[in-house]
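Please read the structure below before turning to the comments.
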Amino acid sequence: MGYLTVEKVSHLYFTEKNFTKALEDISLDVKKGSFVSIIGPSGCGKTTLLSIIAGLINPTQGNVFLEQKPLERQNSSIGYMLQQDYLFPWKNIMENVLIGPHIQKNITNEIRQKAKELLNEIGIGQTKESYPDQLSGGMRQRVALARTLITDPKLLLLDEPFSALDYQTKLKLENLVLNILKKYQMTSILVTHDIGEAIAMSESIVLLNSNPGRIANVFDVPEEIVELSPFDSRQSPVYSEFFQTVWKELESLE
Ligand SMILES: Nc1ncnc2c1ncn2[C@@H]1O[C@H](COP(=O)(O)OP(=O)(O)OP(=O)(O)O)[C@@H](O)[C@H]1O
């Protein structure tokens, strides 16, 4: 069993007269500290799978285990990074980062110190008293990452966190986020429409097909690419070759 195990998960959405089979027989093992991406055609069930892993919806069939234990609903040990950052506009950056410990009434000197370190690591140490609307989209996403990491999650779920950013900011942020996640040995799952991003960030890529969403393939990203930063990997010939392989298979499903 992996650190995170998805076991024979299927999911149906029921409407008044009908139902949609969103996922069928999905099984996955994710190793501790690894980075896995989920890609597939629109409507193949990526968000449904992520919501099941998050414990937000119960699958119709199958189970999810985190550290060999059945996943609890509303699990506080799971962190999120979403397309929208959901920072509180009336709180400054430091207060936004401390929101989780604040809700848990657990603001200690140690936590404050950790918040400072995280803000320095993400390059926002100097602006910790600014407010979210004074920051760019990329900076706001960095704050959102710090806010998640301060709660020490066991698993980080990333749902298209870079898709609203311009290309240059996105590449920079991929580099920064991946460095931090590696440092904290965070187990991470990314849902994305961007094959290049999936290749540049991940160790493995799960390709889903649609109607119903099933696993079409699981690609191991070539070592040469995993060892490079997301920016450098895009310059590598191995990247272009691997991109073609994944692209062709994705195209054959659409
Ligand atoms: N609440 C719901 N009720 C009924 N059907 C739903 C519901 N949510 C999703 N579906 C259906 O389940 C299938 C999978 O949807 P899901 O949003 O998980 O796919 P996705 O891969 O994330 O899509 P996209 O790439 O467009 O974001 C689709 O056919 C969708 O129409």
Original post:
Quick check: is even one residue across the stretch 207-215 free of Cβ contacts under 8 Å to residues at least 60 places away in the same chain and either farther than 28 Å from PHE19 by Cβ or outside any strand (DSSP E or B) (or both)?
Top reply: no
Subject >> Selection count where residues are touching a Ser or Thr at 6+ places or on another chain (Cβ under 7 Å) and small (Gly, Ala, Ser), scope the stretch 52-75 >> reply: 1
Original post:
Just a yes or no: is a residue in the stretch 85-101 in contact (Cβ under 8 Å) with a residue 12 or more places away in the chain and within 16 Å of the ligand (Cβ to nearest atom)?
Top reply: no
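Any idea how many residues of the stretch 196-209 are touching a helix residue (DSSP H, G or I) at 6+ places or on another chain (Cβ under 7 Å) and within 13 Å of the ligand (Cβ to nearest atom)? Can you show your working first?
Of the stretch 196-209, the ones touching a helix residue (DSSP H, G or I) at 6+ places or on another chain (Cβ under 7 Å) are 196-197, 199-201, 203, 205, 207-209.
Of the ones still in play, those that are also within 13 Å of the ligand (Cβ to nearest atom) are 207-209.
The number of residues fulfilling the criteria is 3.
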Subject >> First in the stretch 36-47 and more than 13 Å from LEU190 (Cα to Cα), second anywhere and among the hydrophobic types (A, V, I, L, M, F, W, C) and within 6 Å of the ligand (Cβ to nearest atom), Cβ under 6 Å, 6 or more apart >> reply: GLY45/ALA22
Original post:
When residues of the stretch 51-68 are filtered for being surrounded by fewer than 20 Cβ atoms within 10 Å (Cβ to Cβ) and either of a type in the set (Gly, Ala, Ser) or closer than 30 Å to ASN179 by Cβ (or both), how many remain?
Top reply: 7
Original post:
Just wondering, is there one or more residues in the stretch 188-196 that are closer than 20 Å to SER51 by Cβ, touching a His at 6+ places or on another chain (Cβ under 9 Å) and among the hydroxyl-bearing types (Ser, Thr, Tyr)?
Top reply: no
**OP:** Check ILE107 against each of (1) at pLDDT 90 or above; (2) aliphatic (A, V, I, L, M); (3) within 16 Å of the ligand (Cβ to nearest atom); (4) surrounded by fewer than 18 Cβ atoms within 10 Å (Cβ to Cβ) and name the one condition it does not meet.
**Re:** (3)
**OP:** Hey, can you tell me all the residues within the stretch 176-206 that are assigned to a loop (DSSP other than H, G, I, E, B) and polar (S, T, N, Q)?
**Re:** GLN185, THR187, THR192, SER202
Original post:
So which residues in the stretch 225-248 are among the polar types (S, T, N, Q) and crowded, with 18+ Cβ neighbours inside 10 Å, if there are any at all?
Top reply: SER233
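Can you pull out every residue in the stretch 26-58 that is more than 15 Å from the ligand (Cβ to nearest atom) and either in contact with a helix residue (DSSP H, G or I) (Cβ under 7 Å, 6 or more places away or on another chain) or of a type outside the set (Lys, Arg) (or both)?
Narrowing the stretch 26-58 to residues more than 15 Å from the ligand (Cβ to nearest atom): 27-36, 55.
SER27, LEU28, ASP29, VAL30, GLY33, SER34, PHE35, VAL36, GLY55 - these are the residues of the stretch 26-58 that are more than 15 Å from the ligand (Cβ to nearest atom) and either in contact with a helix residue (DSSP H, G or I) (Cβ under 7 Å, 6 or more places away or on another chain) or of a type outside the set (Lys, Arg) (or both).
Across the stretch 9-23, which residue is farthest from the ligand (Cβ to nearest atom) among those that are surrounded by 10 or more Cβ atoms within 10 Å (Cβ to Cβ) and hydrophobic (A, V, I, L, M, F, W, C)?
Taking the stretch 9-23 and keeping what is surrounded by 10 or more Cβ atoms within 10 Å (Cβ to Cβ), we get 9-13, 19-23.
Okay, now just the ones that are also hydrophobic (A, V, I, L, M, F, W, C), so 9, 12, 19, 22-23.
Values: VAL9: 12, LEU12: 9, PHE19: 8, ALA22: 4, LEU23: 8 Å.
My answer is VAL9.
The values are calculated or read from the model by the stated rules, or taken from the named source; none is laboratory data. Everything numeric here is computed off the predicted structure, so don't read it as measured data. Don't worry about glycine lacking a Cβ; one is built from the backbone with ideal geometry, like all the others, and counts go over all protein chains shown.
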